[in-house]
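The values are calculated or read from the model by the stated rules, or taken from the named source; none is laboratory data. On a predicted model such as this, the values are computed, not experimentally measured, just so you know. Cβ placement follows ideal geometry from the backbone for every residue including glycine, while neighbour counts extend to all protein chains displayed.
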Amino acid sequence: MKRSNNTGGTSFHGVTLTVTPQQLIDALGEPEYFSNDGSDKTNMDYSLETEDEIAFTIYDWKEYRPLQMDEKITFHIGGFSYSQSVEAKNEVLRLINNK
């Protein structure tokens, strides 16, 4: 999995991932955006590509509070389609489960 500049136009298709912020950081590295003060619609955002070059985003949505690093949060996955979002979620879960 690598960082992506090709996520423009992705959107939420109802696919979510419930994990801790620390699990994401451990599996994916530091997010591109991380301002964990609750003042914006998101606290952390990733722009990534799967091994098959499917571009997607992962972000918390409207928590409006600082996130605890060990609390489970429902993150949204943005993609170009529902099926690509599901594929991205599955790849992220594999990375998390292999940590």
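Filtering region 65-86 to residues that are within 20 Å of ASN5 (Cα to Cα) and either in a loop (DSSP other than H, G, I, E, B) or at pLDDT below 95 (or both) leaves PHE80, SER81. Among the residues of region 36-54, none qualifies, meaning not one is of a type in the set (Phe, Trp, Tyr), over 14 Å from VAL92 (Cβ atoms) and surrounded by 13 or more Cβ atoms within 10 Å (Cβ to Cβ).
Which one is surrounded by the fewest Cβ atoms within 10 Å (Cβ to Cβ), of the residues in region 3-21 that are in contact with a Leu (Cβ under 9 Å, 6 or more places away or on another chain) and assigned to a strand (DSSP E or B)? Spell out the reasoning first.
So the first thing to find is which residues in region 3-21 are in contact with a Leu (Cβ under 9 Å, 6 or more places away or on another chain), and the list is 3-4, 7, 17, 19-21.
Okay, now just the ones that are also assigned to a strand (DSSP E or B), so 3, 17, 19.
On the way: ARG3: 12, LEU17: 19, VAL19: 18.
Only one residue fits best here, namely ARG3.
Condition first: closer than 13 Å to SER85 by Cα and part of a loop (DSSP other than H, G, I, E, B). Now tell me which residues in region 45-64 satisfy that. If the condition is that a residue be closer than 13 Å to SER85 by Cα and part of a loop (DSSP other than H, G, I, E, B), then THR50, ASP52, GLU53, ILE54 are the ones that fit.
Within region 73-92, residues that are touching a residue at least 24 places away in the same chain (Cβ under 8 Å) and farther than 20 Å from THR20 by Cα sit with their Cβ atoms under 6 Å from residues that are surrounded by fewer than 19 Cβ atoms within 10 Å (Cβ to Cβ) and not β-branched (Val, Ile, Thr), at 6+ positions apart or across chains, in these pairs: TYR82/HIS13. One residue stands out among those in region 64-85 that are surrounded by fewer than 16 Cβ atoms within 10 Å (Cβ to Cβ) and touching a strand residue (DSSP E or B) at 6+ places or on another chain (Cβ under 6 Å): the one that is farthest from PHE34 (Cα to Cα), which is TYR82.
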